[in-house]
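Reviewing the structure listed below.
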Amino acid sequence: MAKKNIETKKSNGGVIREYAESIVIAILIALFIRAFVVQAFKIPSGSMEPTLLIGDHLLVNKFIYGIKLPFVDQKFFVYKEPQRDDIVVFIFPKDKSKDFIKRVVGTPGDTVEVRLKKIYINGKLWDDPHGVYRDAAVTGLVPRDNFGPVVVPPEHVLVMGDNRDRSYDGRFWGFVPFDQIKGKALILYWSWDSLTGNVTEKIRFKRIGQLIH
């Protein structure tokens, strides 16, 4: 009987150890994925409406613009640089504790100007397919309705919110360095409208699974 008890204890210990090892491995994989591949973010404001709504939850591709290793001020394995129209998540230049999400409007070397709510890039009127202006008044407001011209520095981008009249963006505080960009918005995996009444109406089922453009 004693022998059976010892074997049972060893067997139980082995099972516990296997579970513990599996949990540790799963945590390490999750941390690796979060650090270098994809990360989840939640939209807290309306600056990107109607593309992104308050309560949208999205996944961000962190790999596409390169991997930034801890304690190293440089990115490796850069697949591509941010392009105009990309929606990017980045560290807010004025407060490193905050992450912002905006759309890239200007890339390195571009001359960007806003004249009476119209965006000009390198002297030409930009089609601006995503920008929405909800304030009908065209004013002399600076920098909201009139901005620049400015030249985007090397390894920087100029970003704006799609909700142009209600976005605190690069027009107000400047450029975003490449190394502060965390990744490109990829897909909506959840959307929750906290202002709606019942639970079934709160979940925006039609938005779940949408690719972000």
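The values are calculated or read from the model by the stated rules, or taken from the named source; none is laboratory data. None of these values were measured; they are calculated from a predicted model. Glycine also receives a Cβ, built like all others from the backbone with ideal geometry; neighbour counts cover every protein chain displayed.
Which is touching a residue at least 60 places away in the same chain (Cβ under 8 Å), closer than 30 Å to Lys62 by Cβ and not hydroxyl-bearing (Ser, Thr, Tyr), of Lys94, Lys98?
On inspection, the qualifying residue turns out to be Lys94.
Taking segment 85-138 as the search range and keeping residues that are more than 18 Å from His156 (Cβ to Cβ) and either in contact with a Leu (Cβ under 8 Å, 6 or more places away or on another chain) or of a type in the set (Lys, Arg) (or both), which one is modelled with the lowest pLDDT? Per the stated criteria, the residue is Val138.
When the strands (runs of 3 or more DSSP E) confined to segment 110-213 are screened for residues that are charged (D, E, K, R) and free of Cβ contacts under 8 Å to residues at least 40 places away in the same chain, those reaching at least 1 such residues are found at 111-115, 118-121.
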